[in-house]
Structures are given as C-alpha cells and as structure tokens.
1. When you look at Ile96, is it among the β-branched types (Val, Ile, Thr) and over 26 Å from Ala237 (Cα atoms), yes or no?
2. Count, please, the residues in the stretch 70-94 that happen to be of a type in the set (A, V, I, L, M) and in contact with a Gly (Cβ under 6 Å, 6 or more places away or on another chain).
3. Run down Leu114, Leu126, Leu99 and say which single residue is among the hydrophobic types (A, V, I, L, M, F, W, C), modelled with pLDDT under 95 and open to solvent by less than 20 Å² (accessible area, probe 1.4 Å).
4. Check whether at least one residue in the stretch 158-170 is open to solvent by 30 Å² or more (accessible area, probe 1.4 Å), within 22 Å of the chain's Cα centre (by Cα) and touching a residue at least 40 places away in the same chain (Cβ under 8 Å), and report yes or no.
5. Of the conditions (1) modelled with pLDDT of 70 or more; (2) in contact with a Ser or Thr (Cβ under 7 Å, 6 or more places away or on another chain); (3) among the β-branched types (Val, Ile, Thr), Ile319 satisfies every one except a single condition; which number is it?
6. Hey, does the stretch 249-265 have a residue that's in contact with a His (Cβ under 7 Å, 6 or more places away or on another chain), hydrophobic (A, V, I, L, M, F, W, C) and within 25 Å of Ser156 (Cα to Cα)?
7. Can you find a residue in the stretch 305-313 that is open to solvent by 70 Å² or more (accessible area, probe 1.4 Å), under 18 Å from Val177 (Cβ atoms) and either at pLDDT below 85 or outside any loop (DSSP other than H, G, I, E, B) (or both)?
8. Out of (1) under 17 Å from Ala197 (Cα atoms); (2) in contact with a Ser or Thr (Cβ under 7 Å, 6 or more places away or on another chain), what's the single condition that is false for Ala120?
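The values are calculated or read from the model by the stated rules, or taken from the named source; none is laboratory data. Computed from a prediction, not measured in an experiment: that's the story for all the values here. Glycine gets a Cβ as well: all are built from the backbone with ideal geometry, and neighbour counts include every protein chain shown. Protein only, heavy atoms only, side chains kept; ligands, DNA and RNA dropped before computing areas. Shrake-Rupley method; radii C 1.70, N 1.55, O 1.52, S 1.80 Å.
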Amino acid sequence: MSRFGWFPFTTGLISRSPLTMAGIRQILKINSIDSASLTKPMTTQTSSPAVGLGIAFLGFAFYASHDAITKHLGAEYSVFQIIFFAMLFAFVPMSIMMLADRKTDNFRPAHPFLVLSRSALSIVALSCGFYAFTVLPLAEVYSLLFAAPLLITVFSIPILGEVVRLQRWAAVVVGLVGVLIVLRPGTTDLTLGHAAAVTSACASALASVVVRKIGSAERSAVLILYPMLLSMLVMGATLPGIYRPMELTDLMLMAGLGFLSVLAQLCIIAGYRAAPAAVIAPMQYSQILWATVFGFFFFQERPDFYVGVGSAVIIGSGIFVVWRESRSNVSVRSPVLRAFATRFAVAPNPPRK
C-alpha cells in the first residue's frame, strides 16, 4: 500500500493494467477479500508501524466523513432510505472485488444460522447507529459506540469461553461508568437517540463475537455479502412507505457513503497488515477528533464537559483492554483485538499481525 493511501496506489495499478477481467483481478488482487489473504501480514521488508498508523488514520477519517454525511442527509431523509442507497452503492465495488476471487463456493455459508444471526445483528447495529448520528451530536454518539469493545469482552465469556480476569473486568466496569457519565441518567433527558446508540454498540459487539465464534470456517466474501444483501432487502421493503425523492446532489452524497465505507475498510485492513494489531486498534478513537471538528464547523455542535470526561474514561478503558489482550498468556482468542475496528460489524474482522 502506498504511504499516501489508497488513491495513488490504485491509480498506479490501473495505469499498468489492461481493462479486462484479468486486468481487474490484477488491480484488485491485493484487496481480495479472501480470508487467507486478509490474515496474511506484510513481509518484513514492507512492514512499517508508521505507514500502518497513517493508513488506518486515513481509514477512520473516511469513516468520520461518512458519519458526518449521514447526519447531514438525516435531516431530509429516513435512515432506512439512506442505508438502502449507501449499501447499494457500496455493493458495486465490493462485487467487483468478489469477482477477483477465483475460488469456488464463495457464497455458501458453512454456518447458515450464525451467518444470518450475525447479519441480523449487523442490520440492527447499522440502523441504530445511523439513527443516532442523525439526532445526537457526533461526539456524543462516538462516545457511546466506543463502549462496543468493552461489551465484546463481556459477550466473549459465554459465547467464546474467554477467561476474563480481574484487570480486564475492572477496565470494563470503569468504561461502563464512563457511559453513565455521558448519559447522566436522572439529570438529563435520555432520548431515543441515546437508546439507539447504546443498542448499536451492543448489537455490534455481539455480532463481532459471533464472527469470532465462526472463526476461519467462513469466507470473508460470505461475511460481507450476506449483511449487505439482507440490509438492502430489509431497507428496500420499507421504501414504499418512507421514500422521498432525492435531488442529484443528495443521491451523489449517498453514493459517497457507499464508496467511503469501502475505502475506509480497505485502508484499515491495509493498516493491520502493515503494523501490529495493538498499534492499529486504538486508532479507532481518532474518530472523536474528527467528530469534534465536523460537529463544530458543520453542525454548530460543542461537546459538553461530561461528554468529554465520559469519552476519556471509555477510551482509556478500551485502550487498556487492547493492551492486556496484546500481552502473552492473557487472552487466547483476543476477541477485542481481532474485532476492534469493524464498522457496525458489517465488515469482516481485520487481520491480526
């Protein structure tokens, strides 16, 4: 991956590859969503934590931009309509990348029930997350979504048989106290948006643990395709009742949502290939910086003192959990470290180096 990110890398390959199916495979082969390729790290000669951090930072900047656009569109359109068109436009580049994978049986799940359960949980996480972004300040939504890694730790105990000892339990409890600081129940009015953000964090965490339960038995193509198709089917079924005609500029913004989500995930995968997971995983918290900037300049939002304190507590707890899992003999499955940077649990878990 180019040290300047996805765009120069892709442009350089396109300039050297013929526009045939073989050429498309050549362009996309490094971004193939084959499970084995995702878990294969870069060679020692090309591995660089600095490059990995830069690419991951770019990926999370793409995600933050995605969320700011979602908030803008949410003032005019239903969340279901936004998700439908965002998924529709994301499906185009993802389908091309799937065509680059020559292996057979790409789309037949080995665990149909778990794959469908994970897809349903992803739809809940996606819908609730999108809704929260449309009605709450960006920074406040992020602070609540950042509880997901802590919830992954909890859910991994009954589902994965993970052994969580005192230090990680203490981090989880402290992080959940941070959530209470943000919400301040009894002193501020809790809205449907707050409930949606917390529900999104819970559903995303549970879906990520289900993916870890499946392990390497499912191809990444399956883990991407099923949530996307199910999302489009469910959201498409709601369109007759909620559809609102769109101006061309808004349609282009919805297309931008789809492409931004794909670019972001590719950057994050590339970051995990270039640097250790313990280095890349905390970069997710950089989104709070973008949320503060976008909220201030575009939506006149100013995070209050309690959101800032609560966010710091949640982020600190999450980083501690990542640090503990990265140490030897602490966690066998590393549920947070390997599922930390997925987006509403729609994308496959990033590889761990």
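1. So Ile96 fails the test.
2. Of the residues in that region, 2 qualify.
3. Leu126
4. Yes, the conditions are met somewhere in the stretch 158-170.
5. (2)
6. For the stretch 249-265, residues in contact with a His (Cβ under 7 Å, 6 or more places away or on another chain), hydrophobic (A, V, I, L, M, F, W, C) and within 25 Å of Ser156 (Cα to Cα): absent.
7. Yes - at least one qualifying residue is present in the stretch 305-313.
8. Going through (1) under 17 Å from Ala197 (Cα atoms); (2) in contact with a Ser or Thr (Cβ under 7 Å, 6 or more places away or on another chain) one by one, Ala120 breaks only (2).
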